[in-house]
Structures are given as structure tokens and as C-alpha cells.
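A.B. asks: Sharing a structure with you now.
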Amino acid sequence: MRQDFTIGIDCGSTTTKAVVFSGTGEILGLGRRRVPQHMDEPKHVERDMHEAWQAVVEAVRDALETSGVDPRAIAGVGVTAHGDGLFVLDRSSKPLGRGIMSLDSRATELHEEWKQAGRLEKIVPIAGQRPYPYSANTLLAWMKRHEPERYGAIGTVFFAKDWIRLCLTGEIATDLTEASTSFTDLYMQDYNDSILDVLDIREIRNALPQIRLSCDRGGAITREAAVATGLLEGTPVSVGLHDVTAAAVGLGYTQPGDLSITAGTFSINEIFRSRPVIGDGWSCRAGYRRGLWNCMAISPASSSNLEWLARLLLPEEKEAAQILMREVEARLDRSRAERPVPLYHPFLFGSPYEAPASASLFGVQSWHDRADLFQAMIEGTIFNHREHVETLRLTGAVRRLGVSGGGSGQPSIAQMFADILNMPVEISGVREAGALGAALTASVAVGLHDSLEDAVAAQDIPMTVYQPEPVRTRVYEGIYQRYVALTQAMKPFWSGLYEGAAERSAQGTTDQMPVSNFLVAAEKTQEIRP
């Protein structure tokens, strides 16, 4: 029986997808399930690990059914999932509480302590990056301080993707792209105990799983997983990839100088390099193979803003974001200067800045409607991507730039990316790029291709290139400069908006920033009013 079909499983922050692909990347079947995020306490964003596995089970069954492909024809399975955060098992390989997601902010105060003590800077020369508040190493240190019994019971430290693969195969491991988010040496691309020493979590060393390469075999479908999913027992499963790397690979980006943008829950901006490059504004992590590095500039400030506004404006509509996107598209053929829209800071869930930040709309007038607000949010999220892209250009030359997510498949939105970034933008015809990237690791693991580069080259991936239009580029350049100036003006206000307000109110005092800061910020705001 012909065996060149693969399945890619992509467990995102809100949705799990399973996709059956042909040998050339054509989607033959798709299953999709929403997975709840649990936010029982302030700053906590968690995922029930059993619910995540059940979503995979149902999505895979749907994908197989809609594809009509015999499970015996599936050559291999690849997995990717939302990265960073922390998933831990006890010493019996059972979930030790819920998984902690990268949207979680419980460790922010600890992270600030590390910053003040200089620990973050000590990590940079070793790991090529500063830990984030949502990094696995930071969350482990938080757990050691606040949940010592749970911390002491940890038998395995790994990530969302690794949990799903464990459920599929019964094998514990991680891959280089995941391990490098928190625990590996920048140059050797292997575990470095010095990182654990600096962060005072050395006792967790034996709980770190074996690091394997993404295209290695990571086990095979067990009898139990076969019964649950409908896959054939013994079907090989690759080790898989961190989701942002999977998305780049699925778009056809595998070479040094390839820069890809994913406008998803996070603003993901990444470029492959043939050497490690350290600097402010990005993390230098491992690529999908040794000898390749991935410089990433990220923030939780992209299309999640659009989903939030869509739910707020059209709470009864299942396709709220698509409805608003169509309303915006109907206006984008006219000149941007004909109908001024507000300017938006997309910091609902976080920002690229170390200082606390909040989302803001500037220049709102009574005649603005919901389409204006939605357009402002689209532009604001692309401005945030641009800030990251300009930072990544400091790492070296850009060979090509591709964008996925955030409505970029719509020609008018793709053109907006090109105009705001002032660079040619490639839009791939591939849907479900993350799932395809995962599936391609499986195709290499089972020998259908010799390397991930060969697997990508074998795909029939149509690309549409959008060139920046000079008139619109000039208009957006002026708006972007106001966006940046307003960001600087707002920084003195952010930290005093909410922090400690309740306590000071109870004491009969006002919640205010130093007067001098307010005056300076106000003067700047008056100068740059949009």
C-alpha cells in the first residue's frame, strides 16, 4: 500500500489541529478542536494536560475520516505545540498538575528580582537570551518558591509537544528547539548546568529529558493511542518541533537569512542564522538542526488583539473576526489618508518592553465605527511586528520575508504588511503551516526525504509576492513614527495605572506617578497627537 501520507498535529494556544497531508503538502483531511485555557487565579493561564490529549484524539479521528486515507497508508506522524511555558510529570510519568502556558505571568515579580540582581544578564553569554517570565526555567524557580512540594515531586520537565508525543508513543524526550528555550548552551547546543546554577534550580537537572533532533524517530503509536485515535499501532512518530520553528519550515523557510513572521497569539518574528548572534531585542535559540540558530523577537501582542475585539463587539457571532475583517477590507482600496483611523498599541496581553504596558486607542472620534477600530488594531499589530523586524535586521542580511496568520492570506492585509514593513512580502499558499512543518519532520524520520531541506523542496508551495507601494509606504511611515513616539510617551504612565491602586485607595491616597513624569509624557503626547 502506498505510504507517503503524513499527519501533522499542531496544538496551539487555543486550538488543536490534526492534518493529513499528501507527499506534496496538499491537505487531504483536517480535524480541529478548541482547548480551554484555565485562568482560575490572576496571572495564571493553564492547560489541563488530559483535556489537551483528548483534543488531539478527536482532531486526529476527524482528520482521518475527512481524508478518506487508510491509516495503514500513513507513513508517519509529526507533532508541534505552543512553546515555552512548563509541563511537568511526577516520577511515575503522570501529569503533576496542569501545564503552565506562555501567556502566564505569575512569575513576573521573581523575574524582576532576577533583573535587579543581575541574574538575567549572567544568563545571556551562556544561553544567548534572557529568560522570560513565562520561560520554563523561570516558572520552575517560581514553583520552587511557592509550591515546594510540587517542585520536589517533579520527575520530568518538558513542553506541550512532548506531552502529546508521550501520549502517542509512551516515550519521554524533547527536541533541540524546545530545550533551547530555557536550558541549553548557545554554542554547544546541549544542556548547560551553569544556567541552572545561576537561577538556583540545579536540583532539577535529572528531570530534564534526553534531547533529540526534530527529525529523529521519537517512538511509535502505542496500542492504547491507536485505539483512541484510529491511527495504526506501530506508525512512527518524529520528535517534532517548537511551534514557531514548525511554522517557518511549513512556509518553506529553512535557510540562513530566511525571516518569517507568524501573526498569531504571539507576535512571532524569527530569522535563521548560520552562527549565533547575541543582542538586545531578540533571543538566539537553536534551529532545527545543530549548526543552525534561530534569532527570535517575540511578544504576546498580535492577532489575539483582533480576537478580543471581535468577541467584544460581536459576542454572538462564531465568525466575528472574519465579519469585521471583511468590513475593513471593503475600505482598504481607498487611500489611507482619506479616512483617518485611530492609532492602536496592541498590548492587551503583553508587549516587547520590560516595563509594564497596556493597550491604548489614540485619536478616537465619534464618527469612528467598529471597522475603524478593527483596522486600527490590524495596523497596530503590524507596527509591533515591524518593530521586531527592524531589530532582527541587526543580526544580518535578510534573504526573504514571509508572513502567515493575522489575516495575511487576504490580499489587502498582505499588502498592508508590505507597505508597513517597506519590504517585499511572500505569502504562502500553504494553510496550516505549523502542522505541515511537523508532518515534514515525520517524512524525514521515516526516510521519505534525506533532510528537512529536501522535504521542503519537494512540496508544491505556491508563493505570492507583494511589493510595497511607495505612496502607501510613505503614509504608513508617518503613522508608524507617531506609533513609536506615543509608545515612548506612554511608558511613564503604564506602571502606575493599576499596580497598588487598591492598596493606596484603601489608605486614602491617590494612585499617581511622579508629577514630573506625567508632565513630560503629557508634553510629548501633545506634540505627536495623531
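A.B. asks: Around Cys284, under 10 Å between beta carbons, what's the net of Lys plus Arg minus Asp minus Glu among the other residues? The partial results should precede the final answer.
C.D. replies: Working: positive: Arg273, Arg275, Arg285; negative: none.
It works out to a net charge of +3.
A.B. asks: Also, quick follow-up: Taking square-rooted eigenvalues a ≥ b ≥ c of the alpha carbon gyration tensor, is the chain rounded, prolate or oblate, where a/c under 1.5 means rounded and, failing that, a/b exceeding b/c means prolate? Numbers along the way, then the final one.
C.D. replies: Details: a/c = 1.67, a/b = 1.24, b/c = 1.35.
Taking the square roots of the gyration eigenvalues as a ≥ b ≥ c, the chain is oblate.
A.B. asks: For the modelled label position 7 Å from the Cα of Arg145 along Cα-to-Cβ, which residues of region 72-105 have backbone nitrogen atoms closer than 15 Å?
C.D. replies: Of the residues in region 72-105, 105 have backbone N under 15 Å from the label point off Arg145.
A.B. asks: Kindly state, to the nearest 0.05, the FRET efficiency for Ser22 paired with Asp454, given R0 = 25 Å and r defined as their beta-carbon distance. Walk me through the numbers on the way to the answer.
C.D. replies: Numbers: r = 16 Å, r/R0 = 0.66.
My answer for the efficiency is 0.95.
A.B. asks: From the phi angles alone, apply the Karplus equation (6.51, -1.76, 1.60; θ = phi - 60°) to region 420-436 and give each ³J(HN,Hα) in whole Hz, x where the residue is Gly or Pro.
C.D. replies: Per residue, the Karplus-derived 3J(HN,Hα) values read 6, 7, 6, 8, x, 10, 9, 10, 7, x, 6, 9, 6, 4, x, 5, 5 Hz.
A.B. asks: Antiparallel as a % of all DSSP beta bridges within the chain, to the nearest 5?
C.D. replies: Values: 47 of 67 bridges.
Counting only bridges with both partners in the chain, antiparallel ones make up about 70 percent.
A.B. asks: Compute the separation of the alpha-carbon centres of region 1-40 and region 313-381 and state it in Å as a whole number.
C.D. replies: Each part reduced to its Cα centre gives a spacing of 30 Å.
A.B. asks: Summarise the accessible area of region 319-478 (1.4 Å probe, protein heavy atoms) by the percent that is carbon and sulfur.
C.D. replies: Details: 3220 of 6570 Å².
Looking at region 319-478 in its full context, I get 49 percent from C and S.
A.B. asks: Something else: Using 22 Å as the Cα-Cα cut-off, could you pick out the over-long pairs in Lys115/Lys161; Lys122/Lys491; Lys43/Lys94; Lys43/Lys115; Lys144/Lys491?
C.D. replies: Values: Lys115/Lys161 29 Å; Lys122/Lys491 26 Å; Lys43/Lys94 25 Å; Lys43/Lys115 19 Å; Lys144/Lys491 32 Å.
Over 22 Å Cα-Cα: Lys115/Lys161; Lys122/Lys491; Lys43/Lys94; Lys144/Lys491.
A.B. asks: Shape of region 195-293 from its Cα gyration tensor (a ≥ b ≥ c, root eigenvalues): rounded if a/c is under 1.5, otherwise prolate when a/b > b/c, or oblate?
C.D. replies: Details: a/c = 2.17, a/b = 1.32, b/c = 1.64.
It comes out oblate by the Cα gyration axes.
A.B. asks: Which is the longest stretch in the chain that no exposed loop site breaks, taking sites as GluC sites (Glu not before Pro) with a DSSP loop state and at most 15 other Cβ atoms within 10 Å? Can you show the working numbers first?
C.D. replies: Numbers: sites that count: Glu26, Glu233, Glu316, Glu317, Glu319, Glu338, Glu354, Glu499.
After excluding every exposed loop site, the longest remaining stretch is 27-232.
A.B. asks: Quantify, in whole percent, the carbon and sulfur part of the accessible surface of region 122-203 (1.4 Å probe; protein heavy atoms only). All intermediate terms of the calculation are to be shown ahead of the outcome.
C.D. replies: Values: 1320 of 2560 Å².
Using a 1.4 Å probe with all protein chains present, region 122-203 comes out at 51 percent carbon and sulfur.
A.B. asks: Checking the a/c ratio against 1.5 first, then a/b against b/c, what shape does the Cα gyration tensor give for region 107-213?
C.D. replies: On the way: a/c = 2.03, a/b = 1.32, b/c = 1.54.
The shape class here is oblate.
A.B. asks: Would you mind checking which residues have amide H under 5 Å from Gly402's amide H? H placed 1.01 Å from N; only 5 or more apart, or other chain.
C.D. replies: Amide H to amide H, under 5 Å and 5 or more residues apart or across chains, Gly402 pairs with Leu259, Ser260, Ile261, Glu426.
A.B. asks: Would you kindly state how much longer the chain becomes between Arg326 and Ala153 on full extension, computed as 0.36 nm times their sequence separation minus their alpha carbon distance, in nm to one decimal?
C.D. replies: Values: separation 173, 0.36 × 173 = 62.28 nm, distance 5.09 nm.
Length gained between Arg326 and Ala153: 57.2 nm.
A.B. asks: Counting only heavy atoms of the protein chains, get the accessible area per residue of region 366-507 (1.4 Å probe) and round it to a whole Å² value.
C.D. replies: On the way: 5860 Å² over 142 residues.
Counting only protein heavy atoms, the per-residue value for region 366-507 is 41 Å².
A.B. asks: Turning to a different aspect of this structure: Compute, for Thr169, the solvent-accessible surface of its heavy atoms (probe 1.4 Å) with the complete set of protein chains present, and express it in square angstrom to the nearest 10.
C.D. replies: 10 Å²
A.B. asks: Can you compute 3J(HN,Hα) from phi for each residue in region 196-207, using the Karplus curve 6.51 cos²θ - 1.76 cosθ + 1.60 with θ = phi - 60°, rounded to whole Hz and x for Gly and Pro?
C.D. replies: Ordered by residue, 3J(HN,Hα) equals 5, 5, 4, 9, 6, 10, 4, 5, 8, 3, 6, 8 Hz.
A.B. asks: Continuing with this model, one more query. May I ask you to evaluate 6.51 cos²θ - 1.76 cosθ + 1.60, the Karplus curve with θ = phi - 60°, for each residue of region 144-156 and list the ³J(HN,Hα) values in order in whole Hz, giving x for glycine and proline?
C.D. replies: 4, 7, 9, 9, x, 5, 5, 4, x, 8, 5, x, 9
A.B. asks: If you take every residue apart from Leu120 with its C-beta less than 12 Å away from the C-beta of Leu120, what net charge results, scoring Lys and Arg +1 and Asp and Glu -1? Please list the in-between numbers first.
C.D. replies: On the way: positive: Lys115, Arg119, Lys122, Arg130; negative: Glu112, Glu113, Glu121, Asp280, Glu354.
Overall, the nearby charge balance is -1.
A.B. asks: A further question follows. If I stretch the segment between Asp190 and Gln210 completely, what's the gain in nm (0.36 nm per residue apart, minus their alpha carbon distance), one decimal?
C.D. replies: Values: separation 20, 0.36 × 20 = 7.20 nm, distance 0.99 nm.
Between Asp190 and Gln210, full extension yields an extra 6.2 nm.
A.B. asks: If you roll a 1.4 angstrom probe over the protein chains with everything in place, what fraction of the accessible area of region 54-121 belongs to carbon and sulfur, to the nearest %? The partial results should precede the final answer.
C.D. replies: Numbers: 1130 of 2630 Å².
Here it works out to 43 percent.
A.B. asks: Further question: For region 2-140, report the accessible area per residue in Å² (1.4 Å probe, heavy atoms, rounded to an integer).
C.D. replies: 39 Å²
A.B. asks: Largest first, how would His242, His368 line up by accessible area (1.4 Å probe)?
C.D. replies: Details: His242 10, His368 30 Å².
Result, largest first: His368, His242.
A.B. asks: When ligands, DNA and RNA are left out and all protein chains stay put, how many square angstrom of accessible area per residue does region 150-258 have with a 1.4 Å probe?
C.D. replies: Values: 3270 Å² over 109 residues.
With all protein chains present, region 150-258 gives 30 Å² per residue.
A.B. asks: Let me ask something else about it. Provide the solvent-accessible area of Tyr187, counting protein heavy atoms only and rolling a 1.4 Å probe, rounded to the nearest 10 Å².
C.D. replies: Near enough 130 Å² of accessible area.
A.B. asks: So, one more: Given an 8 Å cut-off on Cα distances and at least 6 residues of separation, report the relative contact order of region 322-402 as a percent. Write down the numbers at each step before the final one.
C.D. replies: On the way: 65 pairs, mean separation 26.0, N = 81.
The value is 32 percent.
A.B. asks: OK, next. For Leu28, what residues show an amide H to amide H distance below 5 Å, using hydrogens built from the backbone and excluding near sequence neighbours?
C.D. replies: Sorted by chain and number, the residues that satisfy this are Val20, Phe21, Ser22.
The values are calculated or read from the model by the stated rules, or taken from the named source; none is laboratory data. Since this is a predicted model, take the numbers as computed values, not measurements. When we count neighbours, we look across all protein chains shown, and the Cβ atoms used for this are built from the backbone with ideal geometry, even at glycine. Heavy atoms of the whole protein, side chains included, go into the accessibility calculation; ligands, DNA and RNA do not. Shrake-Rupley method; radii C 1.70, N 1.55, O 1.52, S 1.80 Å.
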